[in-house]
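Below is one structure; the comments refer to it alone.
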Amino acid sequence: MRGLWLEDGELSLEDDLPVPQPAEGEALVRVLRAGICNTDLELVRGYYPYAGILGHEFAGSVETGPDHLLGKRVVGEINAVCHDCAACRARRSSHCERRTVLGIVDRHGAFADYLILPVENLHRLPDTISTDAATFVEPLAAALEIQEQVEVGPEHRVVVVGDGKLGQLVARSLRLTGCELLAIGRHGDKLDRLAAVGIDVGTEEAITEGGFDIAVECTGNPSGFALARSALRPRGTLVLKSTYAGELTFDVSSVVVDEITLVGSRCGPFEPAIAMLASGEIDPTPLIAARYPLDEGLMAFEHANRKGTLKVVLDVGM
């Protein structure tokens, strides 16, 4: 089996990896398409000490599993949980104390011909969703997690800081709430993509200090954090959607004085994401900047690392 293998900060294309063998309750999935996201890039930079096959955004078809899924296209939630720890029993299973995470923590990922996931993690795709669009289910679900954590409606002024891969999906999903939305970025072509779907856009000069109820930070860098923080009124909410490879320093006293709510936000609900793609409310395919066959995966990572690049997709299977 082919796969993109990360070890000691070095990424390599291997062609002799064993096909994974599913345990009881798991399915073997043939990967059709997989997307490279910032977390993958940060893992290569050393964000977390992971060794194995990278990748967690995927669409595939079930090769071994229950009859109702055999041969069907699926996507998969990335956290495989134990159901028995304190977090699972408290219905916080995405924070399972013994979880494995596809392509991130102790579970080989999607940049390979095959992967395995628990059957309960898999979601069958309707025929109305293309395989390309299905690759975005996981990051779109992560964008929708904001609405699971924070009330967002027409009465709220919201700013999204960052016009990259995740910021694009966050802004598109928040637009559907009817909130007063502004998306901030530094790349004219990316801002144009947001403007084309009816989102107000601007550069950082467009932010009114203290003018927003909710700020969503999607850059993963300290300047983006500082900008999002400055945008908030007292008792505003700052949602952090990005992981940070390095340390982040900020004025904690101002957070206390202004009674700012900080919300960390990561994985989200798949069913609403699938429904949005199926209905056409969100079409993420214009965000695909390039596609490469798996055999050119190292070139794909080089492309994804270029500043300002949107989604790079690996074509793994037919």
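A few points about this structure:
- Qualifying residues in the stretch 187-209 (those that are β-branched (Val, Ile, Thr) and part of a loop (DSSP other than H, G, I, E, B)) - the one farthest from Thr285 (Cα to Cα): Thr208
- Of all residues in the stretch 196-217 being among the acidic types (Asp, Glu) and closer than 14 Å to Val170 by Cα, the one that is surrounded by the most Cβ atoms within 10 Å (Cβ to Cβ): Glu217
- Which numbered condition Tyr114 misses (of (1) at pLDDT below 95; (2) over 27 Å from Lys307 (Cα atoms); (3) of a type in the set (Ser, Thr, Tyr)): (1)
- Of the residues making up the stretch 44-62, those that are outside any strand (DSSP E or B), touching a residue at least 12 places away in the same chain (Cβ under 8 Å) and surrounded by fewer than 24 Cβ atoms within 10 Å (Cβ to Cβ) are Val44, Arg45, Gly46, Tyr47, Tyr48, Tyr50, Ala51.
- Filtered by the rule that a residue be among the hydroxyl-bearing types (Ser, Thr, Tyr) and under 19 Å from the mean Cα position of the chain (by Cα), the stretch 45-103 gives Tyr47, Tyr48, Tyr50, Ser93, Ser94, Thr100.
- Filter result (in a strand (DSSP E or B) and within 19 Å of the chain's Cα centre (by Cα)) within the stretch 293-318: Lys311, Val312, Val313, Leu314, Asp315
- Some residue of the stretch 129-152 being hydroxyl-bearing (Ser, Thr, Tyr) and within 18 Å of Thr237 (Cα to Cα): no
- Set Glu42, Glu26: member being farther than 24 Å from Leu310 by Cβ and in contact with a Ser or Thr (Cβ under 9 Å, 6 or more places away or on another chain): Glu26
- Pick from the stretch 148-164, criterion small (Gly, Ala, Ser) and over 9 Å from Val216 (Cβ atoms), ranking: surrounded by the most Cβ atoms within 10 Å (Cβ to Cβ): Gly164
- Members of the stretch 245-264 found to be outside any helix (DSSP H, G or I) and over 17 Å from Val170 (Cβ atoms), listed by number: Ala245, Gly246, Glu247, Leu248, Thr249, Phe250, Asp251, Asp258, Glu259, Ile260, Thr261
- Cβ pairs under 7 Å, 6+ apart, first in the stretch 198-216 and on the phi < 0 side of the Ramachandran plot and outside the structural domain of Glu259 (by TED's automatic domain parsing), second of a type in the set (Asp, Glu) and part of a strand (DSSP E or B): none
The values are calculated or read from the model by the stated rules, or taken from the named source; none is laboratory data. These figures come from a predicted structure and were not determined experimentally. Virtual Cβ from ideal backbone geometry, glycine too; neighbours counted across all protein chains shown.
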